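Report on one structure; see the data block that follows.
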Amino acid sequence: MAGTGGPVFDEARRKHMAAAFLAGGNHYQKVRPGYPEESLDWLLEDAAAPVHDVLDVGAGTGKYTRLLAERGWNVTALDPSADMLAELARNLPHATTMVGTTEHLELSASSMDLVVCAQAWHWCDPLAASKEIARVLRPGGALGLVWNQLDVAIPWVHRLARIMHAGDVHKADFSPEIGHEFAPAQSHNTRWVNITTPEDIMELAKSRSYYLKAAEHIRAKVMGNLQWYLFEHLGHAPGAELELPYISQSWRTHKL
């Protein structure tokens, strides 16, 4: 199932940009938003069997893992970054953590009922990852892919995304590439708002791969543009609470 409408990286570019997240777990945990519970509720609607064992790939600091842990399941969180996983372990001590990649899962075959990947599928080789995920899923097991996206249908948010260089904002026709081991995926959008401040948005920009991989003069330009946009153009006061609209885009499928 070929994907469309999202960021396109060759293998070298994907590895280069993904390396931005090998460190900085504490900052990432502080500034990145969580996910609405509705996104997980929807993933589970057509589950063929009860869920007991769950794998969160590209788990990072556990922003989505928290939703899984709250269900009382046996949760394994995998990420290439030991630094990110250390942050996850501090916040979710009952989750099992594993340093590794989705393309090479050091897990037994047919050991999971559900695999989720939140905000990370674009860092994977989707066909190799699909093959490995299908191997560790039990018959009929489910796969859920989730992205938090700034709601760029709103004009001021669209301009904000451009200033932040939020290059992973999906086009309207986006669909993720998933291997033939899985049924055609269904999609669902959850609209929600994150209560934040102008200063938090500036810190959020610092957690993105574009900023993390940029030269110092580019970083200074991004921060200067955000300072102007948020405080002067939009007129927000320092520390003021504002609603930042998001869309959680979810796809669900099951192992054939």
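Within the chain, DSSP assigns beta bridges of which about 55% are antiparallel (rounded to the nearest 5).
Per-residue ellipticity at 222 nm for the chain, helices alone: DSSP H runs ≥ 4 residues times -39500 (n - 2.57), over residue total, nearest 500 deg cm²/dmol? Mind dumping the intermediate values first?
On the way: 10 runs with 84 residues, N = 256.
Computed mean residue ellipticity for the chain: -9000 deg cm²/dmol.
Which parts of the stretch 212-256 would a label at residue 195 reach, counting a residue when its backbone N lies under 18 Å from a point 7 Å out along Cα-to-Cβ? What the label zone holds, given the 18 Å backbone N cut-off, is 237-246.
Per residue, the average separation of C-alpha pairs within less than 8 Å and at least 6 apart gives the stretch 105-216 a relative contact order of 26 percent.
Under conditions of 25 °C and 0.890 mPa s, the stretch 99-256 yields 139 µm² s⁻¹ as its translational diffusion coefficient, taking Rh as the Kirkwood radius over Cα pairs in the Stokes-Einstein equation. In a Debye calculation with equal point scatterers on the alpha-carbon sites of the stretch 78-175 and no solvent, what is log10 I(q)/I(0) at q = 0.12, 0.20 Å⁻¹? Log10 of I(q)/I(0), two decimals: -0.53, -1.07. Between the helical axis of 216-227 and the longest alpha-carbon principal axis of the chain there is an angle of about 70 degrees. Rolling a 1.4 Å probe over the protein heavy atoms gives the stretch 106-256 an accessible area of 46 Å² per residue.
Would you please put 110-118, 89-97 in order of how densely packed they are, using the mean number of other Cβ atoms within 10 angstrom per residue and starting with the highest?
Working: 110-118: 23.2, 89-97: 15.3.
Peptide ranking by packing, descending: 110-118, 89-97.
Go through 171/213; 131/255; 171/206 and tell me which ones have a Cα-Cα distance over 21 Å in this structure. Present the calculation step by step, with values, prior to reporting the outcome.
Details: 171/213 23 Å; 131/255 10 Å; 171/206 23 Å.
Cα-Cα > 21 Å for 171/213; 171/206; rest within.
Can you send over the carbon and sulfur percentage of the accessible area for the stretch 182-256, probe radius 1.4 Å, protein chains only? Display every interim value, and only then the final one.
Details: 1950 of 3830 Å².
The nonpolar share, carbon plus sulfur, comes to 51 percent.
Considering the chain as a Gaussian network with a 10 Å cut-off on Cα pairs, which listed residue, 173, 56, 83, attains the greatest mean-square fluctuation? Residue with maximal mean-square fluctuation among 173, 56, 83: 173.
Taking a spot 7 Å from the Cα of residue 165 along the direction of its beta carbon, which residues of the stretch 103-131 have an amide N less than 12 Å from it? So the set is empty, nothing qualifies. Only Lys, Arg, Asp and Glu carry charge here, each on its Cβ (+1 for the first two, -1 for the last two); on that basis the stretch 100-162 has a dipole of about 200 debye about its Cα centre. When the P(r) of the stretch 166-223 is calculated, the portion above 13 Å amounts to 74% of the C-alpha pairs.
The values are calculated or read from the model by the stated rules, or taken from the named source; none is laboratory data. Because the structure is predicted, anything quoted here is derived from the model rather than measured. Cβ: placed from backbone, ideal geometry, glycine included. Neighbour counts: every protein chain shown. Surface areas here come from the heavy atoms of the whole protein model, side chains and all, with no ligands, DNA or RNA. Shrake-Rupley method; radii C 1.70, N 1.55, O 1.52, S 1.80 Å.
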